[in-house]
Amino acid sequence: MKNNSSRSFQTRAVHSGERVKAVDYTPVTTPISTAVGYLYESMDDMDAVFAGSKQGYVYVRYSNPTVTAFEAAIASLEGAEAAQAYSSGMAAIHAALLGCGVKAGATVVAAMDVYGATFTMLRGLLTTLGVNARLVNVSDLGEVESAIKETKPVCLLVETISNPLLKVADVPALASLTHIYGASLLVDNTFASPYLFNPLSHGADYTIHSATKYISGHGDVLAGVVATSAANKKVLFELNKLVGGVLGPFEAYLALRGLKTLPLRIPQQFRNAQQVAEWLQKHSRVKKVNYPGLADHPGHALAERLFGGRGYGGVLSFELDGAGKAQVYRFMEALTIILPATTLGDIYSLVLHPATSSHRSLTSEERALVGIPDGLVRLSMGIESPDDILSDLEAALATI
Ligand SMILES: Cc1ncc(COP(=O)(O)O)c(C=O)c1O
């Protein structure tokens, strides 16, 4: 509205300064677009946007310009036709499962060692809703094929690099297997990031990210995203209009801003992880190190083939020799640079005790089945100097 002084102060307070049409300029960075609703020259134009015959926005739960920009960036980085953003990684996993046809009576085959909340969503929430969840060791292709043959699932859900055991999934082989039996392959690519691996280029149908991690990278935003075909995106878009787990424009802005430095942050994080893994492997207090960059890791050759020399990820885990929860907690408290915060993929180095955080929702029997002992520690390497990180680890290990 123009500054129409004939209108009352009350009306001017509501409308003045708003809805100024962009003339002939383009902001360099995508603005945070907070509008819930949108106006058009005519109601026929609005009707055409609702019908999908004209590009535009009608309501923030359907789509939003800042979110669209983030989705376009992810689609580009993942080599996808399209992407759909969510308010969290868990919302993205849930949406991809619904999008590929998971419903009462259907079966999902999933990797045994998926992220704890994913495990519990499958074994708890979805199971109570009538979905059958079958968990398998995805490193054993024979076991995966038998489970698929027997249960005829709608999908197989795996993580490119698993949390927290760092197993590497043979995505091309798993894609062939699932497609032979008419199922979709969903890949949680959070640990690898689009820098390391693009599952869709290797046959996957849906790539999922907790964008809270490497994509945003700075520990200041919760976000999720699914990259997929244009046809699948339509299904996800319609679903999201109903369930509303959308990403907000402020979060989309932060995620979009964060991902610009992904190719600069990640190589440093990967180098730090490699160096720390090799160092820990030689340490007398460490029983076992899980990191695909180590030559004796069972997934090393596969990682080399899939990741094309770009590295092996920024997360590793290790078992403290003879340690239980108490010793792990003392070790975590003794660290001064590596922060005991419950996340990963940040520029800050982080340490976590999977048994009491990421995999806390599992029973102790389930943790034993998956292979998560109380002495297991997970490290997510940041971009700090490797020398400082190693001194921090050395000093903390000396205290236990
Ligand atoms: C591999 C993986 N997938 C999904 C999630 C869930 O993401 P969010 O916390 O953004 O919901 C996490 C969280 O740690 C994760 O590690």
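Nothing in this text is a laboratory measurement; each read-out follows from the coordinates by a stated rule. In this text the structure is predicted, and so the values were computed from the model without any measurement. All Cβ positions, glycine included, derive from the backbone under ideal geometry; neighbour counts span all protein chains shown.
The table below lists the values:
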quantity: Net charge of Cβ neighbours under 15 Å - reference Leu362; Lys, Arg +1; Asp, Glu -1; calculated: +1
quantity: Helix-only [θ]222 nm of the chain, DSSP H runs n ≥ 4, -39500 (n - 2.57) each, per residue, nearest 500; calculated: -11500 deg cm²/dmol
quantity: Residue-count net charge about Ala175 - beta-carbon cut-off 14 Å; Lys, Arg +1, Asp, Glu -1; calculated: -3
quantity: Cα-based radius of gyration of the chain once divided by 2.2 N^0.38 Å, which approximates compact folds; calculated: 1.08
quantity: Amide H contacts of Ala110 (H built 1.01 Å from N, under 5 Å, at least 5 apart or other chain); calculated: Arg134, Leu135, Val136, Leu157
quantity: Fewest-first sequence of Glu41, Glu238 by Cβ atoms within 10 Å of each Cβ; calculated: Glu41, Glu238
quantity: Protection proxy ranking of 11-21, 63-73 - average other beta-carbon atoms within 10 Å, highest first; calculated: 63-73, 11-21
quantity: Per-peptide average of other Cβ atoms within 10 Å, ordering 250-260, 319-329 highest first; calculated: 250-260, 319-329
quantity: Beta bridges by DSSP in the chain, antiparallel share as percent, to the nearest 5; calculated: 60
quantity: Size of charge dipole - the stretch 256-303 - debye, nearest 20, with Cβ of Lys, Arg +1 and Asp, Glu -1, no other charges; calculated: 240
quantity: Neighbour-count ranking [beta-carbon atoms within 10 angstrom, fewest first] of His300, His202, His359; calculated: His300, His202, His359
quantity: Anchor Lys103: aspartates and glutamates whose Cα lies under 19 Å away (excluding residues fewer than 8 positions away in-chain); calculated: Glu150, Asp205, Glu238
quantity: The stretch 76-113 and the stretch 144-199: distance between their alpha carbon centers, rounded to Å; calculated: 12
quantity: Backbone HN-Hα couplings from phi across the stretch 118-124 [Karplus 6.51/-1.76/1.60, Hz, Gly and Pro as x]; calculated: 5, 4, 6, 4, 6, 7, x
quantity: Cβ-placed point charges (K, R +1; D, E -1), dipole of the stretch 136-268 about Cα centre in debye, nearest 20; calculated: 480
quantity: Built amide H within the under 5 Å cut-off of Ser184, gap 5+; calculated: Cys155, Leu156
quantity: Whole-Hz ³J(HN,Hα) from phi, Karplus 6.51 cos²θ - 1.76 cosθ + 1.60, for the stretch 297-307, glycine and proline x; calculated: 6, x, x, 4, 5, 5, 4, 4, 5, 6, 9
quantity: Nonlocal amide H pairs with Ser33, under 5 Å, H built at 1.01 Å; calculated: Thr66
quantity: Residue-wise HN-Hα coupling along the stretch 244-260, computed from phi with Karplus coefficients 6.51, -1.76, 1.60 (Hz; x: Gly, Pro); calculated: x, x, 7, 7, x, x, 5, 5, 4, 4, 5, 5, 5, 5, x, 5, 4
quantity: Subset of Lys213/Lys260; Lys233/Lys260; Lys167/Lys325 violating a 18 Å alpha-carbon distance limit; calculated: Lys233/Lys260; Lys167/Lys325
quantity: Part-to-part distance (alpha-carbon centres) for the stretch 352-400 and the stretch 321-346, which is given in Å; calculated: 6
quantity: Reach of Lys54 by Cα under 17 Å, taken over lysines that are not fewer than 8 positions away in the same chain; calculated: Lys234
quantity: Helix axis angle, 325-334 relative to the chain longest principal axis, alpha carbon, degrees; calculated: 70
quantity: Proximal aspartates and glutamates relative to Lys152, as straight alpha-carbon distance under 14 Å, when same-chain residues fewer than 8 apart are discounted; calculated: Glu143
quantity: Dipole-positive endmost among Leu196, Cys155, Val138 within the stretch 115-202 (Cβ charges, Cα centre); calculated: Cys155
